[in-house]
Amino acid sequence: MKVLSIALNTFRENLRDKLLYNLLVFALLMIGSSVVLSRLTLGEFHRLILDVGLGSINFFGVLIAIFVGIGLVSKEIEKKTIYTIVSKPVARYQFLLGKFAGLTITLFINTVVMALGLLVVLYAQGVPVEGMLFKALALIFVEFMVITALALLFSTFTSATLSAIFTLALYVIGHLTADLKVFGAKMDDLSRGILDGIYYLLPNLERFNLKGHVVHHLEVSGVDLMLIVAYGATYTAVLLFTASLIFHRRDFR
Amino acid sequence: MMPNSDLVVQTEQLSKVFRVGFWGKKVTAVGGVNLEVRPGEVFGFLGPNGAGKTTTLKILMGLIYPTSGKAWLFGRELGDPQTKSRLGFLPESPYFYDYLTSREFLGFYGHLFGLWGTALDKRVDELLELVGMTHAKDLQLRKFSKGMLQRVGVAQALINDPELVVLDEPMSGLDPIGRKEVRDLILRLKESGKTVLFSSHILHDAEVLCDRVAMILKGRLVACGKVTDLLEQGANHQVELVVDRLTPEGLDHLRPLIDKVVTQGDRMLIVLKSQQQVGGALEILRAAKARLVSLNPQKGSLEDLFIREVSGHRSSSERRAA
Ligand SMILES: Nc1ncnc2c1ncn2[C@@H]1O[C@H](COP(=O)(O)OP(=O)(O)O)[C@@H](O)[C@H]1O
Ligand SMILES: [Mg+2]
């Protein structure tokens, strides 16, 4: 119940945040602009709309997860609003979980709104919609969870600005980890071991990217899909657990 | 030391050392504080800015962990989840969720105590009434003045009808009317049987409100006890006379008894060295046919006591340095 009320309060806070609406409007503009772009290219305009559309949803969703998500904990500590919560019978981990859940609700609604925007564009342009599109959207949402948990983890021990920078950096690196493995394969044992270690430690965010499958009409098996979701969920849980441990020990000063 | 379950707050050699800056320089914010707050009393935690009041209260509220020493609330160790439902806390210059209206704000804190529905609405209305904010119940906190924030802050601290109310500088930044309202509220809380622990750097606030006080300076207690006892200690027992038409000869007779004299035309303000001089002084005045306008024994104040303690502290630390 406590987690729920903190989650609902966080959701309400997000709803009253202008930044959220600005990002959402930009996302919808980007999705809409794919129509104009596709007119400029010959042929493959279906592909371009899907590519730009899914890319925009991913990019802006991540921005929301980071910039709204960072505020969740760092801002509460910097503005000292957390003082009145922690002195109530609320365990610190409950506070974190509530914040996470609140942003999850916000992100879910945002993803739905952006997806609807994309569907409208696809429909207007007569692009056929396949089931794969929804699988891709679902995985984008799982990626948002991982990013949110990362942002939350950083904001339990650094400032809002640093958390934003770290999370953004990990988002970029997380999409390049596959290259790390390829790179490591050409090296000696020790270097390969280290690179492999980093590879398994960092979130492999490319796993959540099914854009190529949608655009090229490839399939993903149900089992693979489940495995990817399980990977995202486990990664998120570990991040949240670590965040709780750090948060439990820290001073609010 | 064993915790005494009759005490509401108890600390034993409570200390907090902060590490600041790049090199982790140590700053002792609180250095071995022993406090005892008894049930039903108003306890003032007094000292200048930077003395360690907020740090001590934050330790008690579970916001920071002590470096050493121990503390108990209701005879239970800090961090016991049961105690938190029995206390209310108003932080120093509080910041709140400014996107909420007063009603949403209090509603949210109510939820944290498992209050929902009509029971919650009733409690929120009661509290808004108590702090005189009924008119602003649908106004967002971002539009509030400092005084209004302080009031909803107090309401927030009382949402769970706590046994112990901890207020950090509840009167700072308020105008005289606002301060009087906070004072009245504290007295009302005491009447309803609650224990109140508040900090202040304004000693006068405490004189009229508190049963007992502790004075802290640079992280160490310099005085602690009943206000009446401390006032007695702080008093210098001088007596102030206002006299009209005292002849110069009369004044000469009085000289040995006088500490200070201020002449203003026909009128003189005379400060006697101590209460023992009053009888003799009055006789001399009668003989000199002067007119006595008023006679005031000088009351001590916590401020006098504090200033004396501070200067004592200074000179002893200077001695140590020398
Ligand atoms: N977060 C902090 N980091 C470092 N030093 C601090 C911190 N908070 C307080 N201090 C230091 O501890 C001392 C006591 O501060 P504080 O408890 O806020 O005093 P008060 O509330 O009595 O004004 C001060 O010297 C202050 O500079
Ligand atoms: Mg303070």
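How many of the residues in the stretch B:9-43 are touching a Phe, Trp or Tyr at 6+ places or on another chain (Cβ under 6 Å) and either crowded, with 22+ Cβ neighbours inside 10 Å or closer than 24 Å to B:Glu191 by Cα (or both)? Even if it seems obvious, please write down each step before you answer.
So in the stretch B:9-43, the residues touching a Phe, Trp or Tyr at 6+ places or on another chain (Cβ under 6 Å) come out as B:10, B:27, B:29, B:37.
Narrowing further to those that are either crowded, with 22+ Cβ neighbours inside 10 Å or closer than 24 Å to B:Glu191 by Cα (or both): B:10, B:29, B:37.
Looking only at that region, the number is 3.
Working only within the stretch B:276-313, note down all residues that are of a type outside the set (Asp, Glu) and open to solvent by 90 Å² or more (accessible area, probe 1.4 Å).
Initial filter on the stretch B:276-313 (of a type outside the set (Asp, Glu)): B:276-282, B:284-302, B:305-308, B:310-313.
If the condition is that a residue be of a type outside the set (Asp, Glu) and open to solvent by 90 Å² or more (accessible area, probe 1.4 Å), then B:Gln276, B:Arg286, B:Lys289, B:Arg291, B:Lys299, B:Ile307, B:Arg308 are the ones that fit.
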- line: Within the stretch B:58-74, of all residues that are under 19 Å from B:Leu7 (Cβ atoms) and within 13 Å of another protein chain (Cβ to nearest Cβ), the one farthest from ligand 2 (Cβ to nearest atom) is B:Leu73
query: B:Gly62 versus (1) within 16 Å of ligand 1 (Cβ to nearest atom); (2) open to solvent by 10 Å² or more (accessible area, probe 1.4 Å); (3) touching a residue at least 40 places away in the same chain (Cβ under 8 Å): which is the lone unmet condition?
result: (3)
- prompt: Regarding B:Leu130, is this residue surrounded by fewer than 21 Cβ atoms within 10 Å (Cβ to Cβ), more than 21 Å from A:Tyr83 (Cβ to Cβ) and within 13 Å of chain A (Cβ to nearest Cβ)?
  reply: no
- prompt: Looking at the stretch B:22-57, which of the residues that are more than 9 Å from ligand 2 (Cβ to nearest atom), within 14 Å of chain A (Cβ to nearest Cβ) and under 19 Å from the mean Cα position of the chain (by Cα) is farthest from B:Cys224 (Cα to Cα)?
  reply: B:Ala29
message: Looking at the structure I just gave you, is B:Thr67 open to solvent by 10 Å² or more (accessible area, probe 1.4 Å), touching a Lys or Arg at 6+ places or on another chain (Cβ under 7 Å) and modelled with pLDDT of 95 or more?
response: yes
query: Inside the stretch A:194-236, can you point out the residues that are open to solvent by less than 90 Å² (accessible area, probe 1.4 Å) and without any contact (Cβ under 8 Å) to a residue 12 or more places away in the chain?
result: A:Gly197, A:Gly212, A:Ser221, A:Gly222, A:Asp224, A:Ala230, A:Thr234
task: Collect the residues in the stretch A:82-105 that are away from chain B (no Cβ under 14 Å) and hydroxyl-bearing (Ser, Thr, Tyr), keeping them in residue-number order.
output: A:Thr104
- request: Within the stretch B:75-93, count every residue that is within 16 Å of ligand 2 (Cβ to nearest atom) and either open to solvent by less than 30 Å² (accessible area, probe 1.4 Å) or free of Cβ contacts under 8 Å to residues at least 24 places away in the same chain (or both).
  value: 3
message: I want to confirm something. Restricting to the stretch B:260-275 and keeping residues that are open to solvent by 80 Å² or more (accessible area, probe 1.4 Å) and touching a residue at least 12 places away in the same chain (Cβ under 8 Å), which single residue is farthest from B:Leu241 (Cα to Cα)?
response: B:Asp266
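Tell me, which residue of the stretch B:160-203 that is within 16 Å of ligand 1 (Cβ to nearest atom) and open to solvent by 60 Å² or more (accessible area, probe 1.4 Å) is farthest from B:Glu126 (Cα to Cα)?
Across the stretch B:160-203, the extreme among qualifying residues is B:His201.
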field: Residue check, B:Gly250 more than 30 Å from B:Val30 (Cα to Cα), surrounded by fewer than 16 Cβ atoms within 10 Å (Cβ to Cβ) and not polar (S, T, N, Q)
entry: no
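Is it the case that some residue within the stretch B:232-253 is among the charged types (D, E, K, R), without any contact (Cβ under 8 Å) to a residue 24 or more places away in the chain and under 30 Å from B:Asn49 (Cβ atoms)?
Scanning the stretch B:232-253, I find no residue that is among the charged types (D, E, K, R), without any contact (Cβ under 8 Å) to a residue 24 or more places away in the chain and under 30 Å from B:Asn49 (Cβ atoms), so the answer is no.
Could you check, for the stretch B:93-111, whether at least one of its residues is within 16 Å of ligand 1 (Cβ to nearest atom), over 22 Å from A:Ile6 (Cβ atoms) and at pLDDT below 90?
yes
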task: With the condition kept exactly as written, say whether any residue in the stretch B:75-98 is more than 13 Å from chain A (Cβ to nearest Cβ), more than 22 Å from B:Leu174 (Cβ to Cβ) and β-branched (Val, Ile, Thr).
output: no
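Could you please let me know if B:Gly114 is within 9 Å of chain A (Cβ to nearest Cβ), without any contact (Cβ under 8 Å) to a residue 12 or more places away in the chain and not in a helix (DSSP H, G or I)? Lay out the reasoning, then the answer.
Details: within 9 Å of chain A (Cβ to nearest Cβ): yes; without any contact (Cβ under 8 Å) to a residue 12 or more places away in the chain: yes; not in a helix (DSSP H, G or I): yes.
Criteria met by B:Gly114.
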- prompt: Listed residues A:Val120, A:Val127; which is open to solvent by 50 Å² or more (accessible area, probe 1.4 Å), in contact with a helix residue (DSSP H, G or I) (Cβ under 9 Å, 6 or more places away or on another chain) and away from chain B (no Cβ under 14 Å)?
  reply: A:Val120
statement: Taking the stretch A:9-36 and keeping only residues that are open to solvent by 80 Å² or more (accessible area, probe 1.4 Å) and either under 30 Å from A:Pro89 (Cβ atoms) or within 14 Å of chain B (Cβ to nearest Cβ) (or both), one is left with A:Arg16, A:Lys18, A:Tyr21
message: Of everything in the stretch A:4-61, what is in a loop (DSSP other than H, G, I, E, B) and in contact (Cβ under 8 Å) with a residue 12 or more places away in the chain? Give them in sequence order.
response: A:Asp17
Failed condition for A:Ser87, given (1) at pLDDT 90 or above; (2) open to solvent by 10 Å² or more (accessible area, probe 1.4 Å): (2)
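The values are calculated or read from the model by the stated rules, or taken from the named source; none is laboratory data. If you're wondering where the values come from, they're calculated on a predicted model, not measured in any experiment. Positions of Cβ are backbone-derived with ideal geometry, glycine not excepted, and every protein chain shown enters the neighbour counts. Ligands, DNA and RNA are stripped out before the accessible areas are found, and what is left, the full protein with its side chains, is counted by its heavy atoms. Shrake-Rupley method; radii C 1.70, N 1.55, O 1.52, S 1.80 Å.
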